[in-house]
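> Sharing a structure here in structure tokens format.
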There are 2 protein chains.
Amino acid sequence: MGDKLNIFKIGGNIIENEEELKQLLYLFSNLEGHKILVHGGGKKASELLPKLGIKPRMVNGRRITDSATLEVVTMVYGGLVNKNIVAKLQALGNNAIGMSGADANSIHAHKRPITKIDYGFAGDVEGIDAKMLCNLLNLGLTPVFCALTHDQKGQLLNTNADTIAATLAIGLSSSFQTNLNYCFELNGVLKDINDKSSVIKNIDSSSYTKLVDEGVISAGMLPKLHNCFEALKNGVREVRIGNLGLFENSTTNYTSLVL
Amino acid sequence: MGDKLNIFKIGGNIIENEEELKQLLYLFSNLEGHKILVHGGGKKASELLPKLGIKPRMVNGRRITDSATLEVVTMVYGGLVNKNIVAKLQALGNNAIGMSGADANSIHAHKRPITKIDYGFAGDVEGIDAKMLCNLLNLGLTPVFCALTHDQKGQLLNTNADTIAATLAIGLSSSFQTNLNYCFELNGVLKDINDKSSVIKNIDSSSYTKLVDEGVISAGMLPKLHNCFEALKNGVREVRIGNLGLFENSTTNYTSLVL
């Protein structure tokens with residue numbers, strides 16, 4: 001087993017909040033060793049769509065990506081958000097390199113098949129080019145991934161950032177001791193959605209099933225936790241969910257997931 | 001002297017024309033050896049600005065980049081145009097990687113000082129990280145640069161793509177036999193702006209001065225040719241200006257520049 005690798009996925013609400021993003025990037029830049037950042041797009045794409053006369057469409061919390069929407073998310077995720085994060089990390093002394101799944105053919109994906117719902121240009125991830133990513137990490141680079149992939153036939157695809165983070169963690173877990181961190185606006189998975197301090201410190205496979213059955217885990221958290229357990233089943237050492245407490249090694253101000 | 005490196009800068013009008021861009025990327029992807037693509041933004045940024053209520057402002061053919069304009073060019077150059085070119089090159093079997101000057105800290109720049117004109121967030125290029133770019137090229141990657149740099153303090157900067165191409169060519173000329181190619185809508189530098197077939201086949205330092213004095217070279221071509229001669233003076237082997245004829249080795253359907 002090789003060096004440590006920390007993968008952080010940061011969510012939309014953090015990206016929106018300039019002060020919080022600044023603090024997060026500072027803490028991230030101070031992490032030692034190999035690391036990867038994966039970011040969602042935040043509300044900027046949703047704000048831009050109506051300005052350009054495009055109506056945002058969501059089904060089951062996932063965006064329906066027609067070609068006009070794809071143009072906007074490519075601009076916002078791949079351009080505005082990604083390049084600004086890269087420039088800010090550079091200022092903090094981190095040699096960041098912004099990437100989509102198309103860049104260096106790092107993530108392999110295909111357009112989601114049409115079943116009951118046509119999600120449009122949405123990407124389902126297949127895997128990664130682990131060798132190339134190892135090469136980039138070994139050059140001292142910090143890849144910063146936006147939520148875009150490609151089908152290797154020239155088509156860009158809007159892709160869930162949580163899934164990208166989990167796929168990267170799985171694909172790199174044979175080369176590195178990989179930790180996967182989901183950083184969002186709450187301090188962890190909450191027992192009571194109305195009580196922000198009710199963080200569940202530890203979840204394992206059996207308590208997860210119980211929490212789902214009891215309806216404790218909200219609909220929005222289900223795909224995130226599904227990704228976490230998929231990652232753990234496939235070689236990722238540790239998955240954590242929380243806010244800036246994720247960067248504090250001495251406390252457990254986040255939810256830790258194990259098999 | 002090392003391997004050959006071909007640097008191609010492609011202009012706005014080619015990016016606008018889907019069929020021409022497709023043909024160009026096909027020819028570019030078939031070039032053997034190391035290569036780098038640098039692209040401008042085309043008219044898409046200018047089209048998007050008024051839609052978002054931002055008035056485009058140009059002085060001496062250069063855009064005045066206020067913060068709202070910078071957001072738009074970051075979206076269009078760094079996101080929409082860059083990621084689509086990368087995905088298309090990947091489909092053609094080229095392992096492209098999209099970059100701004102901030103990515104991998106590849107290009108060092110600073111905000112243009114305010115003199116008579118305040119160009120806003122416009123970048124003046126200082127140099128490149130040649131070692132990192134050599135590493136990326138030696139991994140088999142084809143960097144695709146958009147016209148954005150950073151000041152290493154977290155600020156993105158709108159930067160002339162011709163200058164980026166020349167700076168890359170100069171910085172890499174001690175590691176590679178570097179050819180710099182400016183690909184745009186005309187077949188080369190024209191003797192008569194109204195006669196598209198009046199391509200001047202060869203220009204050297206002395207004929208350049210003569211052509212400028214005689215007013216043969218139009219105002220729009222002057223900064224481009226200035227960049228070319230700067231590149232030649234600083235180690236670049238050959239600079240060529242033309243259209244798709246640049247990819248035809250057997251003909252001279254372009255303008256060739258030597259010292």
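> Report the Rg/Rh value for chain A, based on alpha-carbon coordinates and the Kirkwood definition of Rh. Display every interim value, and only then the final one.
Values: Rg = 17.5 Å, Rh = 18.6 Å.
Reported Rg/Rh (Cα atoms, Kirkwood Rh): 0.94.
> If you count, for every residue in B:104-111, the Cβ atoms of partner chains within 10 Å of its Cβ, what is the mean?
Values: counts 11, 10, 2, 0, 0, 0, 0, 0.
The mean count of partner-chain Cβ atoms within 10 Å per residue comes to 3.
> If you don't mind, there's one more thing I want to ask. Label-to-label distances across copies for A:Gly53, with labels 7 Å out along Cα→Cβ, in nm, shortest first?
Shortest to longest, the spacings are 1.8 nm.
> May I pose another question? Using just the alpha carbons, could you tell me how many Å³ per residue the convex hull of the range B:135-239 encloses? Before the final figure, lay out the partial values.
Values: hull volume 14.4 nm³, N = 105.
Given the Cα convex hull of the range B:135-239, per-residue volume reads 137 Å³.
> In addition: Please rank B:Met132, B:Met75, fewest neighbouring Cβ atoms within 10 Å first, as an exposure proxy. Kindly include the intermediate steps, with their values, before the conclusion.
Details: B:Met132 18, B:Met75 28.
Ascending number of Cβ neighbours within 10 Å: B:Met132, B:Met75.
> Which number do you get for Rg(Cα) / (2.2 N^0.38 Å) in the range A:10-158? Let's see the in-between values first.
Details: Rg = 15.8 Å, N = 149, 2.2 N^0.38 = 14.7 Å.
Against the empirical 2.2 N^0.38 Å value, I get 1.07 for the range A:10-158.
> In nanometres, what is the gap between the two model label sites at A:Ser206 and B:Asn253, each 7 Å from Cα along Cα-to-Cβ?
Taking the two extended label points, one gets 7.4 nm.
> Mind checking the log10 I(q)/I(0) for the range B:82-144 at q = 0.23 Å⁻¹? Debye, one equal scatterer per Cα, no solvent, two decimals.
Debye intensities relative to I(0), on a log10 scale: -0.93.
> Sort shortest first the distances from B:Ile117 to its counterpart in every other copy, using label points 7 Å along the Cα-to-beta-carbon line, and give them in nm.
For B:Ile117, the inter-copy label distances come out at 5.0 nm.
> Determine which aspartates and glutamates satisfy two conditions relative to B:Lys35: a Cα distance under 14 Å, and not lying fewer than 8 residues away in the same chain.
Once the sequence-local aspartates and glutamates are set aside, what remains near B:Lys35 is B:Asp3.
> Within 10 Å of each Cβ in peptide A:151-158, how many partner chain Cβ atoms are there on average? Round it to a whole number, please.
Details: counts 3, 4, 4, 10, 4, 7, 1, 0.
Other-chain Cβ atoms within 10 Å of each residue's Cβ, averaged: 4.
> Could you list B:Asp124, A:Asp162, A:Asp213 in order of exposure, starting from the residue whose Cβ has the fewest other Cβ atoms within 10 Å? Each step should come with its number before you reach the end.
On the way: B:Asp124 16, A:Asp162 22, A:Asp213 9.
Ordered by Cβ neighbours within 10 Å, fewest first: A:Asp213, B:Asp124, A:Asp162.
> Nm distances between the label at B:Ser205 and the same-position labels in the remaining copies, 7 Å along Cα→Cβ, shortest first?
7.4
> Using a 10 Å cut-off on Cβ to Cβ distances, tally the other chain neighbours for every residue of B:84-96 and report the average as a whole number. Walk me through the numbers before you get to the answer.
Details: counts 9, 1, 10, 16, 6, 3, 10, 7, 1, 2, 1, 6, 4.
Whole-number average of other-chain Cβ neighbours for B:84-96 is 6.
> Order by neighbour count: A:Arg62, A:Arg112, fewest other Cβ atoms within 10 Å first, most last.
Details: A:Arg62 15, A:Arg112 19.
Fewest-to-most Cβ neighbours within 10 Å comes out as A:Arg62, A:Arg112.
> Now a separate question. From zero outward in steps of 10 Å, how is the percent of C-alpha pairs of the protein assembly as shown spread across the bins?
Pair shares across the bins are 4, 19, 29, 25, 14, 7, 3, 1, 0.
> All other residues with a Cβ under 13 Å from the Cβ of A:Ile203 taken together, and with Lys, Arg as +1 and Asp, Glu as -1, what is their net charge?
Numbers: positive: A:Lys191, A:Lys201, A:Lys210, A:Lys224, A:Arg240; negative: A:Asp204, A:Glu214, A:Glu238.
With Lys, Arg at +1 and Asp, Glu at -1, the net is +2.
> Provide Rg and Dmax in Å for the range A:181-250, with only Cα atoms included in the calculation.
Rg then Dmax for the range A:181-250, in Å: 11.8, 34.
> Moving on. Can you tell me what the convex hull of the Cα atoms of the range B:49-95 projects to on average, as an area in nm²? If you can, show how the numbers build up before the last one.
Values: hull surface 17.1 nm².
Mean shadow area of the hull around the Cα atoms is 4.3 nm².
> Full-extension gain between A:Asp3 and A:Val59, please, as 0.36 nm times their residue separation minus the C-alpha to C-alpha distance. Please report the intermediate quantities before stating the final value.
Numbers: separation 56, 0.36 × 56 = 20.16 nm, distance 4.01 nm.
Result: 16.2 nm gained on full extension.
> Evaluate the distance, in nm, between pseudo-label points positioned 7 Å from the Cα of A:Glu16 and of B:Glu19 along their respective Cα→Cβ axes.
Computed distance between label sites A:Glu16 and B:Glu19 equals 4.5 nm.
> Over chain B, with a Gaussian network built from C-alpha contacts below 10 Å, which listed residue (B:Asn135, B:Asn187, B:Asn179) shows the highest mean-square fluctuation?
Ranking B:Asn135, B:Asn187, B:Asn179 by mean-square fluctuation puts B:Asn135 first.
> If you don't mind, there's one more thing I want to ask. Looking down the axis that turns A into B, which residue of A has the closest beta carbon, and how many Å out?
In residue-and-Å form, the answer is A:Gly79, 1.
> Spin-label point model (7 Å from Cα, Cβ direction): what's the A:His110 to B:Ser67 distance in nm?
4.6 nm
Read-outs: derived from the displayed coordinates by stated rules, not from any lab. Only a predicted model underlies this, so the values are computations on that prediction, with no experimental measurement involved. Every residue, glycine as well, gets a Cβ built from its backbone with ideal geometry; the counts of neighbours run over all protein chains shown.
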